[in-house]
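The values are calculated or read from the model by the stated rules, or taken from the named source; none is laboratory data. Quick caveat, the model's predicted, so the values are computed rather than measured. Because the Cβ atoms are built from the backbone with ideal geometry, glycine has one as well, and the counts that use them run over all protein chains shown. Quick note on the areas: whole protein, heavy atoms, side chains included, nothing else; ligands and nucleic acids left out. Shrake-Rupley method; radii C 1.70, N 1.55, O 1.52, S 1.80 Å.
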Amino acid sequence: EQVWRENYPACDREFISLCAWEKQDVVLHELRCPQPTKADDLAQVEQHREVLRKGNEDFPPLVCINGNVAEGRYRYWACRLEGWDTVPIIQNKPPMAA
């Protein structure tokens, strides 16, 4: 909920506590994540890449909402630039059909 509040302050967050969440591995390129452009953001991506290069792949999962990366943008881009095919995510489960 905190991530949603920070990223989407004008949107309704009520559904976050109502929906189920699941952890899974997904194809990295199937996720949507805005490319960083600011110097500070690019520096963060590079810091995460350095961690990956040292062999520490124990990043927390990305948090995704409907295929959009809501938390973990720098990790996403570090993994993408390092050539990862799949990443662990926690995402909201699609609603069950009535």
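What residue, of Gly83, Gly72, is on the phi > 0 side of the Ramachandran plot, more than 12 Å from the chain's Cα centre (by Cα) and open to solvent by less than 70 Å² (accessible area, probe 1.4 Å)?
Values: Gly72 fails: more than 12 Å from the chain's Cα centre (by Cα).
The match here is Gly83.
What are the pairs, 6+ residues apart or on separate chains, where a residue within segment 66-79 that is farther than 18 Å from Asn56 by Cα and without any contact (Cβ under 8 Å) to a residue 60 or more places away in the chain has its Cβ under 8 Å from a residue that is basic (Lys, Arg) and open to solvent by 20 Å² or more (accessible area, probe 1.4 Å)?
So the pair list comes out as Gly67/Arg32; Asn68/Arg32; Val69/Arg32.
For residues in segment 33-44 being open to solvent by 40 Å² or more (accessible area, probe 1.4 Å) and hydrophobic (A, V, I, L, M, F, W, C), which is farthest from the chain's Cα centre (by Cα)?
So the first thing to find is which residues in segment 33-44 are open to solvent by 40 Å² or more (accessible area, probe 1.4 Å), and the list is 34-35, 37-40, 42-44.
Filter once more, so that each one left must be hydrophobic (A, V, I, L, M, F, W, C): 39, 42-43.
Numbers: Ala39: 20, Leu42: 16, Ala43: 18 Å.
Among them, the one singled out is Ala39.
May I ask you to list the residues in segment 45-66 that are more than 13 Å from Ile89 (Cβ to Cβ) and open to solvent by 70 Å² or more (accessible area, probe 1.4 Å)? Don't jump to the end; show me each part of the working.
So the first thing to find is which residues in segment 45-66 are more than 13 Å from Ile89 (Cβ to Cβ), and the list is 45-58.
Hits for segment 45-66 are Glu46, Gln47, Glu50, Arg53, Lys54, Asn56, Glu57, Asp58.
Report the residue count in segment 66-77 for those that are outside any strand (DSSP E or B) and modelled with pLDDT under 95.
First, the residues of segment 66-77 that are outside any strand (DSSP E or B): 66-67, 72-77.
Restricting the remaining residues to those that are modelled with pLDDT under 95 gives 66-67, 72-75.
Here the count works out to 6.
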